[in-house]
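Quick note: the coordinates plus some simple rules give every number you see, no bench work behind them. Everything quoted here is computed from the prediction, not taken from an experiment. Every residue, glycine among them, receives a Cβ derived from its backbone with ideal geometry; neighbour counts consider all protein chains shown.
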Amino acid sequence: MSHTLSNYLVLGFLATYLTNSVKIDETHASLAIFIAQMVLIATTVTYGWVNDTVGRRPTLLAGCILVIPAMFLSFYVASFATPASAIAAPVIPVLVYPLITSGMTIGLADMFPREMRVTASGIAYNTGTALFGGTAPYFAGPAAAVADPVS
């Protein structure tokens, strides 16, 4: 749930929020998402190493605890309406949610026997993605309202 929500909020909603609500131009909003993606690549690899070193359970637990405040902080930072805050806003959650994703894939593979691994992990992952990715707009509204620059 926490990976799906944060991923959809950053990649799907934050650029629109930056351009429509905060009034950052599209170039800066797109650049901010691009930079966040580059940070995401680096942190995913780094947190993969952390998973191998300290274990998946503490890393996953830390990610699940930190991802929700990171999303609210992200929208709050975005509300400052500067190019720097537009870049910082999507980077904040991508510093956190690779704690979840870096161990999630191998964790899903470990849950099921080899004969049914692909089907079972695919069903488990995509059911959660459909349920919680579909509810992302309901979480985006309150997060945006907390940091509403209009009022």
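Starting from residues that are touching a residue at least 40 places away in the same chain (Cβ under 8 Å) and not hydrophobic (A, V, I, L, M, F, W, C), keep the ones in segment 107-133 and report whichever is farthest from Leu60 (Cα to Cα).
Ranking the qualifying residues of segment 107-133, first place goes to Gly133.
Condition test on Ile92, is it without any contact (Cβ under 8 Å) to a residue 24 or more places away in the chain and β-branched (Val, Ile, Thr)?
Yes, satisfied.
I'm told Ala130 meets every condition in (1) out of contact with any helix residue (DSSP H, G or I) (no Cβ under 7 Å at 6 or more places or on another chain); (2) within 18 Å of Thr43 (Cβ to Cβ) except one. Can you identify the failing condition by its number?
(2)
For segment 99-133, name all the residues that are of a type in the set (Val, Ile, Thr) and buried (at least 19 other Cβ atoms within 10 Å of the Cβ).
Scanning segment 99-133 gives Ile100, Thr101.
Could you tell me whether any residue of segment 17-30 is closer than 18 Å to Thr135 by Cα and hydroxyl-bearing (Ser, Thr, Tyr)?
Yes: segment 17-30 contains one or more residues that are closer than 18 Å to Thr135 by Cα and hydroxyl-bearing (Ser, Thr, Tyr).
Kindly indicate which of Ser102, Ser79 is within 23 Å of Phe139 (Cβ to Cβ), in contact (Cβ under 8 Å) with a residue 40 or more places away in the chain and in contact with an Asp or Glu (Cβ under 8 Å, 6 or more places away or on another chain).
Ser79
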